[in-house]
Structure formats: C-alpha cells, structure tokens
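Notes follow the structure.
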Amino acid sequence: MRIAVYPGSFDPVTKGHLDVIVRAAALFDQVIVGVLHNSAKSPLFSVEERVKILEEATQEVPNIRIQSFSGLSVDFARQCGAKAIIRGLRAITDFEYELQMAQTNRVLAPDIDTIFLTTSLEYAYLSSTTVKEVAGFGGDISKFVPANVARKVYEKLNQH
Ligand code: PNS
C-alpha cells in the first residue's frame, strides 16, 4: 500500500490545502494528513479542533485520515509507514523554505521523499494567515475556505 503523509499547521484548512489533499489522495492508496501540535506557536484553533475541522472537510474522500502529531514530520511519516511527504507549492516565494525543509528531511530520513504538488492557480494566493486576517476585519472568507470552516473561524474570532 502506498501511503503518504501531508504535514502542516492547517490553522485553519483552506481550499488550497483541500485541493492538495484531494489530488494527493488520487495518487496514493492512503493519505494521512498530519496536524502539527506546535507548542511554540499560538494557533487560532487547538490541535483537536483543527483535526475535527479537517475530518469534516474531507469526509467525502475515502482514503484520507487525519491525525495530530508532534515532533519531526519524518518521524510521523515513519510511524505511519509512509514513504512520501506531500507539500503544496503556491509560488516561487514558497520554494526556498520548502526546499530547505525537504533537504533537511532528506538528510534526516533518506528513505522518505518529499513530493511537491503545485497548488491549483485559483488558490495560489491563499494562506491560512490571510484567511484569519480577512475574517478578523469582518471580511468575507467564503471563497477561501469551505462554509463549515468559515463558520468556525467567525465563531472563534467572536470568542476573542
Ligand atoms: O503548514 P505549515 O506551517 O507550513 O507546515 C510546516 C510543517 C508542519 C510541515 C513543518 O513546520 C514541520 O515539518 N514541522 C515539524 C518539525 C520538523 O519536522 N522539522 C524539520 C523540517 S525543517
């Protein structure tokens, strides 16, 4: 069975992430989306909330599993029995950081490859940070995230 992991913060998941998830699911038997539990960052959503939101957003794709992880992505990949790490590339500005990360991961785990999927053009400008900023100023995020995610972002921002 060909397994890939797709690690990230997903705070919150965007239509760009979902596009990558669906396309990765067509290439692998199973894709495990790894939601990073990073105590150094202070995310809008807890890791449990991000997992739940992703589960709801991907429920129609049968070969996707959502799991939280902490520590190294390559260790998470190994635990999952994955030989590939998926990352999305939006633009050249992503490339330097992504290449550095892929090369670091390669040194740490030569048996695991990073596979870059270029984000579909319609989502190439999109980021979780932008979504939170637009929503924070009361803007419309319905073109950026699925309806259930948008609702949760507004709810969460209203609690703050
Ligand atoms: O969605 P993001 O924030 O761009 O995802 C970044 C992520 C989670 C893939 C990256 O920070 C990561 O892999 N973190 C786990 C720690 C790790 O493996 N570091 C070594 C790679 S430089």
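The values are calculated or read from the model by the stated rules, or taken from the named source; none is laboratory data. Since we're looking at a predicted model, the values are computed, not measured. Ideal geometry is used to build each Cβ from the backbone, glycine not excepted, and the neighbour counts take in all protein chains shown. Calculation scope for accessible area: heavy atoms of the full protein, side chains included, ligands and nucleic acids excluded. Shrake-Rupley method; radii C 1.70, N 1.55, O 1.52, S 1.80 Å.
Within the stretch 124-146, the presence of at least one residue that is loosely packed, with under 12 Cβ neighbours inside 10 Å and among the aromatic types (Phe, Trp, Tyr) is confirmed.
Could you tell me whether residue 99 is farther than 24 Å from residue 1 by Cα, in contact with a Gly (Cβ under 7 Å, 6 or more places away or on another chain) and either more than 12 Å from the ligand (Cβ to nearest atom) or in a helix (DSSP H, G or I) (or both)? Spelling it out, it is not the case that residue 99 is farther than 24 Å from residue 1 by Cα, in contact with a Gly (Cβ under 7 Å, 6 or more places away or on another chain) and either more than 12 Å from the ligand (Cβ to nearest atom) or in a helix (DSSP H, G or I) (or both). When residues in the stretch 103-123 are screened for being within 16 Å of residue 14 (Cβ to Cβ), part of a helix (DSSP H, G or I) and open to solvent by less than 90 Å² (accessible area, probe 1.4 Å), 1 of them pass.
When you scan the stretch 20-38, do you find a residue that is under 15 Å from residue 114 (Cβ atoms), touching a helix residue (DSSP H, G or I) at 6+ places or on another chain (Cβ under 7 Å) and in a helix (DSSP H, G or I), even just one? No; the residues of the stretch 20-38 include none that is under 15 Å from residue 114 (Cβ atoms), touching a helix residue (DSSP H, G or I) at 6+ places or on another chain (Cβ under 7 Å) and in a helix (DSSP H, G or I).
Yes or no, residue by residue, for (1) without any contact (Cβ under 8 Å) to a residue 60 or more places away in the chain; (2) under 23 Å from residue 159 (Cβ atoms); (3) of a type outside the set (S, T, N, Q):
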{"site": "13", "(1), (2), (3)": "no, yes, yes"}
{"site": "24", "(1), (2), (3)": "no, no, yes"}
{"site": "30", "(1), (2), (3)": "yes, no, no"}
{"site": "51", "(1), (2), (3)": "yes, yes, yes"}
{"site": "58", "(1), (2), (3)": "yes, no, no"}
{"site": "65", "(1), (2), (3)": "yes, no, yes"}
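Of all the residues in the stretch 85-96, those that are touching a residue at least 24 places away in the same chain (Cβ under 8 Å), within 13 Å of the ligand (Cβ to nearest atom) and not in a strand (DSSP E or B) number 1. Residue 30 fulfils the conditions (1) open to solvent by 70 Å² or more (accessible area, probe 1.4 Å); (2) out of contact with any Ser or Thr (no Cβ under 8 Å at 6 or more places or on another chain) except for a single criterion, (1). Each residue in the stretch 68-84 was checked for being away from the ligand (no atom under 13 Å from the Cβ) and loosely packed, with under 15 Cβ neighbours inside 10 Å, and 1 of them qualify. Selection of the stretch 41-58 for residues being modelled with pLDDT under 95 and more than 10 Å from the ligand (Cβ to nearest atom) yields only 42.
Residues in the stretch 1-36 that are more than 16 Å from residue 130 (Cβ to Cβ) and more than 10 Å from the ligand (Cβ to nearest atom): 18 in all.
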